[in-house]
Amino acid sequence: QVQLVESGGGSVQAGGSLRLACAASGRIFSINVMGWYRQAPGKPRELVSTITSGGSTNDADSVKGRFTISRDNAKNTVYLQMNSLKPEDTAVYYCNAGVITTNPTRYLGVWGQGTLVTVSS
């Protein structure tokens, strides 16, 4: 019913920047919170940043001052601008959205397929 498609991952050197995007499509009435999570090899998935439909954000301490989350409600798209990247930021980054669907009306927590970010020293 609802799909999230991520883009923008890749490989960069430490200190570089990347911008991730995640577009939601399908039977969407509205989207509450959208966010980014990441999972490094051998570690559990962790929160990176979230943003509400009103623009309130929440960032992990490890990315504060370096990553900026934003969204375009008209396009059902969330972005993650990542600056001053460090090798420890290397992970698969997953998009997540809390979606209210149409026909039928349901609340779904939806995950994207993930996009790999690799930061070399």
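Tabulated data for the structure shown
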{"quantity": "Ratio Rg/Rh [Cα only; Rh per Kirkwood] for segment 1-117", "calculated": "0.98"}
{"quantity": "Separation of alpha-carbon centers, segment 52-121 and segment 9-29, rounded to whole Å", "calculated": "8 Å"}
{"quantity": "Extension reserve of the Gln13-Asp61 stretch, reckoned as 0.36 nm per residue once the Cα distance is removed", "calculated": "15.1 nm"}
{"quantity": "Amide H contacts of Val48 (H built 1.01 Å from N, under 5 Å, at least 5 apart or other chain)", "calculated": "Trp36, Tyr37, Arg38"}
{"quantity": "Two-site label geometry, Val5 and Asn83: point separation in nm, points 7 Å out along Cα→Cβ", "calculated": "3.0 nm"}
{"quantity": "Accessible surface of Leu80 - all protein chains present, 1.4 Å probe, nearest 10 Å²", "calculated": "0 Å²"}
{"quantity": "Length gained when the stretch Asn32-Leu47 is fully extended (0.36 nm per residue, less Cα-Cα span)", "calculated": "3.8 nm"}
{"quantity": "Solvent exposure of the chain as accessible area per residue, Å², 1.4 Å probe", "calculated": "51 Å²"}
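The values are calculated or read from the model by the stated rules, or taken from the named source; none is laboratory data. Because the structure is predicted, anything quoted here is derived from the model rather than measured. No Cβ is skipped: glycine too gets one built from the backbone with ideal geometry, and neighbour counts run over all protein chains shown. Heavy atoms of the whole protein, side chains included, go into the accessibility calculation; ligands, DNA and RNA do not. Shrake-Rupley method; radii C 1.70, N 1.55, O 1.52, S 1.80 Å.
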